[in-house]
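Trainee: Handing you this structure, nothing more for now.
Read the figures in this text as sums done on the coordinates, not as results from a lab. The shown structure was predicted, so the numbers you read here are calculated from the model rather than taken from an experiment. For neighbour counting, all protein chains shown are included, and Cβ atoms are generated from backbone atoms with ideal geometry for every residue, glycine included.
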């Protein structure tokens with residue numbers, strides 16, 4: 001084969017892939033836009049419903065089912081005490097807090113012992129779900145509803161299964177140990193179980209960024225937005241993911257993930273499907289997909305909801321290294337969840353989950369990273385060789401960036417017209433800057449991180465990576 005023919009084939013490939021990438025991104029981003037519209041409609045609907053609901057919440061609070069709050073902790077010495085305080089001071093009639101120290105290498109268990117005056121007790125509940133060995137159990141002398149389990153390291157899923165074994169109540173709320181929960185968050189999250197106790201299986205709440213927000217004794221005192229680049233980027237990411245993405249999917253009853261940082265489940269449903277899967281690092285996605293499959297196959301009526309108003313504040317990574325590990329892990333978890341749930345794809349019995357939500361995740365969440373990243377590379381090479389015109393290259397950049405701006409600005413609009421957690425034009429100006437900056441540099445780096453997560457999946461890596469914490473910002 002001659003050099004001229006090879007060159008022609010190479011140039012044709014570059015041009016054809018560029019056209020394919022432009023069409024793919026146009027279709028993908030148009031799908032995102034549909035979800036944005038659904039999210040906007042649903043957010044407004046939920047906001048009006050929450051205003052009506054708040055009047056009736058006080059009258060039914062005492063009728064809400066008791067809840068076991070499950071708190072897995074691994075190397076969380078910087079945040080675990082403030083997080084536990086926020087849980088102990090929740091406005092809820094009957095609940096217990098079960099903290100599981102999953103073989104931490106730092107002083108997590110020592111801080112818990114000292115701060116909450118723990119005393120050792122012997123408690124050996126039935127092992128409904130298999131877990132690693134328990135080293136010790138404690139109760140607090142100061143807070144009778146605080147229970148702490150110290151166990152061998154087995155991962156987050158194993159720690160949650162341990163907490164389920166020790167739990168006493170029919171509803172379990174899974175909370176990360178680096179989070180702060182709003183005082184009325186649990187009441188709001190549990191209300192759907194009061195409205196529809198027979199069919200409701202799981203309810204998820206919104207995760208927001210606590211970095212730069214002032215915290216005192218487990219309470220968010222003042223919500224502020226700092227000028228930290230990574231903090232700004234992640235705030236707008238979380239707004240887009242929850243107020244647009246999850247609200248849009250909730251509108252058509254197609255919620256596929258309830259964040260492991262803040263979700264309320266019927267304990268019976270988790271036990272029925274065998275508990276959290278310990279062979280995956282995306283345990284929250286994988287669990288809910290298994291629950292969907294279990295109930296859809298058996299044609300049992302059930303509901304899974306997402307609510308935008310119950311808020312859980314979490315500390316997000318403050319370095320590129322830690323953030324990259326987190327995003328790679330999320331992508332790997334998505335691949336694991338999709339593989340485990342492949343039996344639901346395009347099956348008549350799987351309904352909107354298997355015929356709309358999962359194909360969307362496969363085509364536009366999973367495959368978007370390699371296609372878009374390769375599209376950037378092809379655009380640069382093709383443009384430098386003169387194969388791709390300025391107009392074509394510009395079109396690719398527009399469809400890859402413009403929709404991202406539109407979606408994120410849509411999330412800011414939803415936030416402003418509904419829940420307004422951020423106060424003042426100064427904070428919204430900072431968030432607007434974050435919207436602009438996200439698409440330049442960070443978005444492309446994130447594509448690489450996601451591609452790395454896919455590589456980790458094919459290698460079979462199960463290492464979470466160290467997630468360092470700086471701790472919550474104290475109020476003055």
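Trainee: With an 8 Å Cα cut-off and a minimum separation of 6 or more residues, compute the relative contact order for the stretch 130-256 in percent.
Mentor: So the answer I get is 14 percent.
Trainee: Now, a different point. Can you give me the angle between helix 320-340 and the longest principal axis of the chain, using Cα atoms only, in degrees from 0 to 90, rounded to the nearest 10?
Mentor: 90 degrees
Trainee: Quick one: if you stick a label point 7 Å off each Cα along the C-beta vector at residue 356 and residue 5, how many nm between them?
Mentor: That separation, rounded to one decimal, is 5.0 nm.
Trainee: Using helices alone, I'd like the mean residue ellipticity at 222 nm for the chain: each DSSP H run of four-plus residues gives -39500 (n - 2.57), total over residue count, nearest 500.
Mentor: Computed ellipticity for the chain at 222 nm equals -16500 deg cm²/dmol.
Trainee: At what distance in nm do the modelled label points of residue 448 and residue 394 sit from each other, each positioned 7 Å from its Cα along Cα→Cβ?
Mentor: So the label points at residue 448 and residue 394 sit 2.8 nm apart.
Trainee: I need the shape label for the stretch 338-455. Rule: rounded when a/c is under 1.5, else prolate if a/b > b/c, else oblate, with a, b, c from the alpha carbon gyration tensor.
Mentor: oblate
Trainee: Using the C-alpha atoms of the stretch 304-366, what convex hull volume per residue, in cubic angstrom, is computed?
Mentor: Output value, Cα hull per residue: 115 Å³.
Trainee: Would you indicate which of (1) 23.1, 83; (2) 21.3, 66; (3) 23.1, 91 is the value of Rg and Dmax of the Cα atoms in Å derived from the coordinates of this structure?
Mentor: Derived directly from the coordinates: (1).
Trainee: For the chain, what relative contact order do you get, as a whole percent, if you take Cα pairs closer than 8 Å and at least 6 residues apart?
Mentor: 21 percent
Trainee: With angles folded into 0 to 90 degrees, how steeply does helix 425-437 sit against the dominant principal axis of the chain? Use alpha carbons for both and round to 10.
Mentor: Value to nearest ten degrees: 50.
Trainee: Let me ask another. Output the 0 to 90 degree angle, nearest 10, between the alpha-carbon long axis of helix 443-459 and the longest principal axis computed from the alpha carbons of the chain.
Mentor: 70 degrees
Trainee: Assuming R0 = 35 Å, what is the FRET efficiency of residue 12 and residue 194, from their Cβ-Cβ distance, to the nearest 0.05?
Mentor: 0.05
Trainee: So, in Å, what gap is there between the alpha-carbon centers of the stretch 1-26 and the stretch 177-214?
Mentor: After rounding, the separation between the Cα centres reads 49 Å.
Trainee: Any number yet on Rg/Rh for the stretch 346-407, C-alpha, Kirkwood?
Mentor: So for the stretch 346-407, dividing Rg by the Kirkwood Rh gives 1.18.
Trainee: Between residue 41 and residue 374, what is the label-point separation in nm under the 7 Å Cα-to-beta-carbon projection?
Mentor: 3.5 nm
Trainee: OK, next. Using Cα pairs under 8 angstrom and six or more residues apart, how large is the relative contact order of the stretch 66-165, in percent?
Mentor: Relative contact order here is 33 percent.
Trainee: Continuing with this model, one more query. Where in the stretch 64-79 is the amide nitrogen less than 14 Å from a point lying 7 Å along the Cα-to-Cβ axis of residue 123?
Mentor: Under 14 Å, as judged by backbone N against the label point of residue 123, lie 67-71 of the stretch 64-79.
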